[in-house]
Amino acid sequence: MSELIIPHPTFKPISAFLGQVILGDCIAVMATMPPESIDLVVTDPPYLVNYKPRDGRRCGSDDNDAWLEPSFREMYRVLKPNTFLATFYGWPWIDRFMLAWRKAGFRPVSHLTWPKSYTSYSGYTAGHHEVGYLLAKGYPPKPARPISDVLPWEYTRNELHPNQKPVVAIAPLIEAFSRAGGIVLDPFAGSGTTGEASRALGRRFVMIEKEEPHWRKGRARLTPHFISL
């Protein structure tokens, strides 16, 4: 696999990104962001499973991992020291995800589970949950009252995105691992769930989405509601 090489950019001020739903490749966009400018990353990247829902909608880059290492390397660079990244992942390829996370510099500090009341896939077992990891950059202090690693879930009917996550699944992570007014980044923003949760909790957001149909829905959902410096 050939590695993506991103030329060194002239960094833009982080204020240029706040409240934005940006259409573009997240690796290239993050390469223009200043280092150590983000308080928390919460994201739902492609699972590498070539998912094909019945309605024909697709998730971009779900059939290759060329983006995997360079995107998490950029996430590590833009995060402030001693902060967190919370990410969903495709469990059949945990070896690829874990290698990319560790090569970027992240430490896994908690495994996350979202139980579902319905079956989302059927194979050797019936799937009733989503999974994720909480990753640390550096050594952030442990909270006095840690949140559960089993988190709430609601059925979204995937109305805005073929893998749409509910706000209730994202909000506890944002509330626990960032402060009011902090900047939350989602480089695989989809329909903007992370942005909506951030806005509801008084955080500022930066959303990046590569696929134009999903970007349009996220922009319509979020851009009337800017939170700026």
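Enter the mean projected area of the convex hull around the alpha-carbon atoms of segment 96-162, in nm², rounded to one decimal.
6.6
For segment 17-222, give the share of DSSP beta bridges that are antiparallel, in percent and rounded to the nearest 5; count only bridges with both residues there.
Roughly 50 percent of the DSSP beta bridges within segment 17-222 come out antiparallel.
Determine the sum of side-chain charges near Val42: Lys and Arg each +1, Asp and Glu each -1, restricted to other residues whose C-beta is under 12 angstrom from that of Val42.
Here the charged neighbours net out to -3.
Based on other C-beta atoms within 10 Å, arrange Val29, Val42 from fewest to most.
Val29, Val42
Taking K and R as +1 and D and E as -1, what net charge do the other residues with C-beta under 11 Å from the C-beta of Gly195 add up to?
Surrounding charge for Gly195 is +2.
Quick one: Met33, Met75, Met207, fewest Cβ neighbours within 10 Å first, how do they rank?
Met33, Met75, Met207
Taking the Cβ of each residue in Phe72, Phe97 as the centre, tally the other Cβ atoms inside 10 Å and list the residues starting with the fewest.
Ordered from fewest to most neighbouring Cβ atoms within 10 Å, Phe72, Phe97 come out as Phe97, Phe72.
If I model a spin label as a point 7 Å beyond the Cα along the Cα-Cβ vector, how far apart are those points for Ile147 and Ala180 in nm?
Between Ile147 and Ala180, the label points sit 1.7 nm apart.
Where the Cα atoms of segment 59-172 are projected onto their three principal axes, how long is each span, largest first, in whole Å?
Projected onto its principal axes, the Cα set of segment 59-172 covers 38, 38, 28 Å.
Determine the sum of side-chain charges near Ile208: Lys and Arg each +1, Asp and Glu each -1, restricted to other residues whose C-beta is under 9 angstrom from that of Ile208.
With Lys, Arg at +1 and Asp, Glu at -1, the neighbours total -2.
Spin-label point model (7 Å from Cα, Cβ direction): what's the Thr32 to Asp95 distance in nm?
Modelled inter-label distance: 3.8 nm.
Here, each number is a calculation from the coordinates, and none is a lab measurement. From a predicted model like this one, the values you see are computed outputs, not experimental measurements. Please note: Cβ atoms are built from the backbone with ideal geometry, for glycine as well, and neighbour counts cover all protein chains shown.
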